[in-house]
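First up is the structure itself, then whatever we jot down about it.
Read the figures in this text as sums done on the coordinates, not as results from a lab. Predicted model only: the values in this text are computed from it and were never measured. We place every Cβ from the backbone using ideal geometry, glycine too, and count neighbours over all the protein chains shown.
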2 protein chains.
Amino acid sequence: MALTDKPVTTFLDELASDAPAPGGGSVAALSGALGAALVSMVCNLTVGKKKYADVQDDIKALLEQSEALRKEFVELLEDDVRVFTEVSKAMKMPRDTEEQKAARAEAMDKALKAATGVPMRVAENCVKVMDLCRPAAEKGNVNAVSDAGVAVLMAEAGLRSAALNVLINLAWIKDKEFAAEQRAKLDSLLEGKPALKDEIYDLVVEKL
Amino acid sequence: MALTDKPVTTFLDELASDAPAPGGGSVAALSGALGAALVSMVCNLTVGKKKYADVQDDIKALLEQSEALRKEFVELLEDDVRVFTEVSKAMKMPRDTEEQKAARAEAMDKALKAATGVPMRVAENCVKVMDLCRPAAEKGNVNAVSDAGVAVLMAEAGLRSAALNVLINLAWIKDKEFAAEQRAKLDSLLEGKPALKDEIYDLVVEKL
């Protein structure tokens, strides 16, 4: 059964347990999904409202983007568990002979690269959600402005959570060129985002 | 059916919809629950491990607290929907006569005060989770240190999300003395927390 088909309480139980997955990587994806869903909520509370007639096209375009991102986050949440399982499998490969050691090292790097890709994609998508939050807060139904604020908080927490999961994989990867590339990519995704979050948060508080 | 008994995807669908609840208030509680569950995960991956023999009592004490908080967050998530419904009911009361207007105003303030109490409690509990994250990161299984980092990110995002939900209720409350009191309480909960989060995040990154 897919993790996201389970009840919220079961998800929390499995998260809290000593099973290594789901873990922080899944939470990063879920946090992004919650942010995207809240942008969609603000849009859905604005669509078709006379008071917001001027912004209907903008809001519909926002909604299309937030819903696509939400869907992708749910897939990434499942992917995170899958790639983590592959790393665990590689880790358990035998290492008695030099040949086995080399095969294991190669399998580990391959699995770790895949395991880096998922939180990196989560991070990229969290940045995209953050970019939807400002227009949602500025143009969306003012009665739901706090929801746009919660959306940016969840998207930024998802971004930084994903970053930790990229970094923990990179720490184990032997291909140092790949690791340096990924770290640079991550840094550029993170740059300025705490400040952007605070800016949108302050904008929301002003409109409350 | 309780909201938290529904599948994660259904929760997200209902969040994204134009139904006013669940909304940002429920997400604040869920974010706290995710943080608490991740502290529990770190503890559960540390309990009974020889390498961590020296800290077993501390970790068990942490786990007891994180599990109690997780349980309370799930209740608060359900409470948030309930108190929101009461505000909506009061809002729909008739206001044709002076008597009706007075009755409605009184019912509104009562419902809004209850609706303030839930996110305030979420905020208080998120601060408690944040306080568990540092010992979890310092003493817990180092292989799960990124999960302690995600925990503090979710707890702080939960705190600030709860704050927005307190503020949106206070903006509508006529009892200005109550509003001022609550705002002061909230300010003291928020004080220094972004910095505390960054401190714990940096500690985690160092240990990766």
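Other residues whose C-beta falls under 13 angstrom from the C-beta of B:LEU30 contribute a net charge of -4, scoring Lys and Arg +1 and Asp and Glu -1.
Among A:TYR201, A:TYR52, sorting on how many other beta-carbon atoms sit within 10 Å of each Cβ, with the fewest leading, yields A:TYR52, A:TYR201.
With distances taken between every two different alpha-carbon atoms, the range A:1-137 has a Kirkwood hydrodynamic radius of 17.0 Å. Going from the fewest other Cβ atoms within 10 Å to the most, the residues B:ASP57, B:ASP13 appear in the order B:ASP57, B:ASP13.
Scanning chain B for the beta carbon that comes closest to the axis linking it by rotation to A yields B:ALA157, 2, distance in whole angstrom.
Taking the fewest neighbouring Cβ atoms within 10 Å as the starting point, the ordered list for B:PHE84, B:PHE11 is B:PHE84, B:PHE11.
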